[in-house]
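Peer 1: Handing you a structure now.
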Amino acid sequence: MKLLASLTSPYARKLRILAQGLGIDLPFVETMPMSDPAALLAANPLGKVPALVLDDGSALIDSPVIAAWLLASVPGQTLLPIAGADHWQARSTEALADGVLDAAIILRFNMAQGITSGPWVDRQYSAITRALTVMNGRVGGSAFGDICIAVACDYLTFRFPALDWRTHNPALVALTDRLLATPAFVATQPA
């Protein structure tokens, strides 16, 4: 098994932290998706990271799918409730955090093309702000949800240092600062 991803991919970081929390050895293969490497395209024809290549050569793509597979690989894991309302709340928190990342990555690609204003840009910033407000009230719902939240918040700090998400989200600040000091977050800090 190996995870194909770039070192700065927040989606891959979520998976690497999750794997550590589950005690799963997850070999990492640094992969630059924009150069369309053959190994990545064989695993994911969309050319996106992360992709998890399993021991039998098959692949899983998209971080929520890979996260679900990792969680299902460890019977009795306690990072995500197995069922019920708490399970679905945690999965919704994952979707919110991934949505923040999606919006941030759209903004990065737009900026690379010189697009720094307009309705589409404003929509991404508004989506981030709204999601952060909701996630601020979800801290502590599950260890898995908290990992997803902290990865998203730290990515905003990494890529958008001028974005002041900390002022209005004290629970997110406390969670992110606490988790950033843990070995799994330190080991996966983007360079």
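This table checks each residue for (1) assigned to a loop (DSSP other than H, G, I, E, B); (2) touching a helix residue (DSSP H, G or I) at 6+ places or on another chain (Cβ under 9 Å); (3) assigned by TED's automatic domain parsing to the domain that holds residue 24.
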site	(1), (2), (3)
91	no, yes, no
102	no, yes, no
109	no, no, no
123	no, yes, no
128	no, yes, no
141	yes, yes, no
147	no, yes, no
156	no, yes, no
168	yes, yes, no
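Peer 1: Could you say which residue among 183, 170 is surrounded by fewer than 12 Cβ atoms within 10 Å (Cβ to Cβ), touching a residue at least 24 places away in the same chain (Cβ under 8 Å), under 19 Å from residue 22 (Cα atoms) and out of contact with any Pro (no Cβ under 7 Å at 6 or more places or on another chain)?
Peer 2: On the way: 170 fails: under 19 Å from residue 22 (Cα atoms).
The match here is 183.
Peer 1: Residues in the range 109-123: is at least one touching a Lys or Arg at 6+ places or on another chain (Cβ under 6 Å) and either over 22 Å from residue 175 (Cα atoms) or surrounded by 14 or more Cβ atoms within 10 Å (Cβ to Cβ) (or both)?
Peer 2: Of the range 109-123, the ones touching a Lys or Arg at 6+ places or on another chain (Cβ under 6 Å) are none.
Looking through the range 109-123, none of the residues is touching a Lys or Arg at 6+ places or on another chain (Cβ under 6 Å) and either over 22 Å from residue 175 (Cα atoms) or surrounded by 14 or more Cβ atoms within 10 Å (Cβ to Cβ) (or both).
Peer 1: From the list 136, 44, which one is surrounded by 14 or more Cβ atoms within 10 Å (Cβ to Cβ), more than 30 Å from residue 174 (Cβ to Cβ) and polar (S, T, N, Q)?
Peer 2: Values: 136 fails: more than 30 Å from residue 174 (Cβ to Cβ).
Checking each option against the conditions leaves just 44.
Peer 1: Look at the range 67-96 and say how many of its residues are farther than 24 Å from residue 53 by Cα and of a type in the set (A, V, I, L, M).
Peer 2: Total satisfying the criteria: 5.
Peer 1: Let me ask something additional. Considering only the range 15-25, I want to know if a residue exists there that is of a type in the set (A, V, I, L, M) and under 20 Å from residue 157 (Cα atoms).
Peer 2: Yes; the residues of the range 15-25 include at least one that is of a type in the set (A, V, I, L, M) and under 20 Å from residue 157 (Cα atoms).
To keep it simple, each residue is scored yes or no on (1) charged (D, E, K, R); (2) under 26 Å from residue 86 (Cα atoms).
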position: 98; (1), (2): yes, yes
position: 116; (1), (2): no, no
position: 128; (1), (2): no, yes
position: 140; (1), (2): no, yes
position: 153; (1), (2): no, yes
position: 163; (1), (2): no, no
position: 178; (1), (2): yes, yes
position: 185; (1), (2): no, yes
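Peer 1: While we're here: Which of the strands (runs of 3 or more DSSP E) contained wholly in the range 1-70 include at least 2 residues that are at pLDDT 95 or above, of a type outside the set (A, V, I, L, M) and more than 20 Å from residue 102 (Cα to Cα)?
Peer 2: Counting at least 2 such residues, we get 28-30.
The values are calculated or read from the model by the stated rules, or taken from the named source; none is laboratory data. All figures in this text were calculated on a predicted structure; none of them were measured in a lab. Quick reminder, even Gly has a Cβ in these numbers, built from the backbone with ideal geometry, and neighbours come from all protein chains shown.
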